[in-house]
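Here's the structure we're looking at; comments come further down.
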Amino acid sequence: MNKILLYKDFLNEREQPIDMGYSLVMEGGAAGHMAHPFENKSLTFGDFRLFIEKGLSGELNFEIEPREKTDGQNLFATVMDGQVFFSRNKGELRAPMDIDAFITKWDDRPELVRMTFIEAGKQLSTTLPKLSAKDLEIFDNGKNWMNMELIYSKNPNVIHYDAGDVIQFHGIVITDGEGNIIGDNPESATSLANAIEKINAHVGEIFTIIPPQIVKIGKDLDFDKNKAKFIKKLEALRDRYGLTDADEVSRYHEMWWRDQIEEHFGNLTQDVKEGLLLRWAYKDKKTLDLRAISKLVDETQHAAIKKFDQEDVKKKYKENIRPFEDLFLELGSIIIKNASNFISANPDKEVQRLHKYLNKEVEKIRKGDNISNIEKVEAELARLDRIGGMQSILPTEGIVFRYKGKNYKLTGTFAAINQLLGIIKYGR
């Protein structure tokens, strides 16, 4: 079984972020998932310390100015041979839609969703070709795509924006021409939006094309107190396994899973334990699958492993990530409180609406007879309390900052609110 041990060591040495087994919510189709800092296990404890210090100082401008993460409908557009094409997922990056195909795509969708995408598509189809040949070079004749958000007041998600209907450019994503994203250029969003405004083509019948919203972050008024609090939490996690600031966070998660395996299956051979580590910590279910494990353990042990795999692993994932998640969601809520210049024109009004709506709908669920939904709501309310409570709600999805070539989000209370609204609307 040296092969498994070597494979584990190889995983530890990877330069790319390691998926430690958490089910990440995909955002925006082709855009993929934008990670919270705690989701990138290749970051170090020192990186996390830096995020705490710089975030509370209002200095998250490592590579670009921090931007607002907006809560709209995601869309990709490119220009090839003078014609605009569209994409909503990776497959469409490889086989893009012209405007006719794009309109047809929304035939069976709800009217407001359909209207949002079709009207934006029509506007972009007439606007982008008006740019100069030099400006259009940024699309590399269809290989590169502008990632954008459609914010339409008649078709809101969680946040209701009141500053007009906009197509907000996020930045160019670079592909290999086969639908695979190989890089990005966030600065291109501002330059292209400005170029469109310069030729007076930014305002359409419904939407106005705008660049990313640069967020101004002030220094936290309780900087010393909050810095000490968050650093103490971070150091407690780091010191649990005798790690240092130079260690990647993946070391913590692997050692945590080793503890779990030892606690529940300590009587198994080391080879099998390594296989379970790969399966549960790294989501590698092929190197040593359940059938192969059955040949290495007795019937009782195999039944226990299978039961744990089916019933407990998802709960353990949440237990493992929770202290890091709580730390960064609470940190995010404080940083967002210290920020200004959000798209919402009347943030206080939107906060009041969210408070009123959530309180009303949560009370309805509490008085109902759906025990599962009640439990889900109480769990999300507990998470909301841990990261700042209702008073920390602000009318934004969060802040995006860039560090070592990667974009990260700080969402504060938005994640809990989003989950609560999902339970209220869909029971999940």
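Quick look at the numbers
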quantity	calculated
Alpha-carbon radius of gyration plus Dmax, which is the widest Cα pair, for segment 351-397 in Å	11.4, 33
Amide H contacts under 5 Å for residue 210, placed H, 5+ residues apart	167, 168, 169
Cα-centred dipole magnitude for the chain, charges only on beta-carbon of K, R (+1) and D, E (-1), debye, nearest 20	740
Likely footprinting exposure, 162, 259, 108, fewest C-beta neighbours within 10 Å first	108, 259, 162
Debye-sum result for segment 131-180 in log10 I(q)/I(0), which assumes one identical scatterer on each alpha carbon, at q = 0.14, 0.16, 0.32 Å⁻¹	-0.52, -0.62, -1.19
Enclosed volume per residue, in Å³, of the convex hull spanned by Cα atoms of segment 184-243	180
Dimensionless Rg/Rh of segment 268-403 - Kirkwood Rh, Rg from C-alpha atoms	1.15
Largest to smallest principal axis extent of the C-alpha atoms in segment 71-210, angstrom	35, 33, 25
Zero-based 20 Å bins, Cα pair distances in the chain, whole percents	23, 52, 24, 1
Entries of 318/376; 306/425; 154/376; 273/409; 286/409; 225/376 with Cα pairs more than 24 Å apart	306/425; 154/376; 273/409; 286/409; 225/376
Virtual spin-label span in nm between residue 355 and residue 65, 7 Å along Cα→Cβ	3.0
Segment 235-312: trypsin sites (Lys or Arg not before Pro) in DSSP loop, at most 13 other beta carbons within 10 Å	285, 286, 295
Karplus (6.51, -1.76, 1.60) ³J(HN,Hα), θ = phi - 60°, over segment 401-412, in Hz, Gly and Pro reported as x	10, 10, 9, 6, x, 10, 8, 10, 10, 10, 10, x
The chain: most fluctuating residue of 310, 83, 391 per GNM, C-alpha cutoff 10 Å	310
Part-to-part distance (alpha-carbon centres) for segment 163-208 and segment 305-376, which is given in Å	31
Sequence-separation-based contact order of the chain, relative, with Cα cut under 8 Å and 6+ spacing, percent	22
Gyration tensor over alpha-carbon atoms, segment 144-250, equivalent ellipsoid semi-axes in Å	39, 22, 14
Radius, Kirkwood style, for segment 249-289 when every pair of distinct Cα atoms is counted (Å)	10.2
Protection proxy ranking, peptides 44-53, 263-272, 200-209, average beta carbon neighbours within 10 Å, highest first	44-53, 200-209, 263-272
Built amide H within the under 5 Å cut-off of residue 184, gap 5+	174
Using θ = phi - 60° and Karplus 6.51 cos²θ - 1.76 cosθ + 1.60, couplings along segment 61-71 (whole Hz; Gly, Pro as x)	9, 5, 10, 9, 5, x, 10, 6, 8, 9, 10
Theoretical ellipticity at 222 nm over the chain - DSSP helices of four or more residues, -39500 (n - 2.57) apiece, nearest 500	-15500 deg cm²/dmol
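Read-outs throughout are calculated quantities, based only on the coordinates presented, and are distinct from any laboratory measurement. It should be emphasised that the depicted structure is a prediction, and the values quoted were computed from it without experimental measurement. Cβ sites come from the backbone with ideal geometry, for glycine too, and all protein chains shown count toward neighbours.
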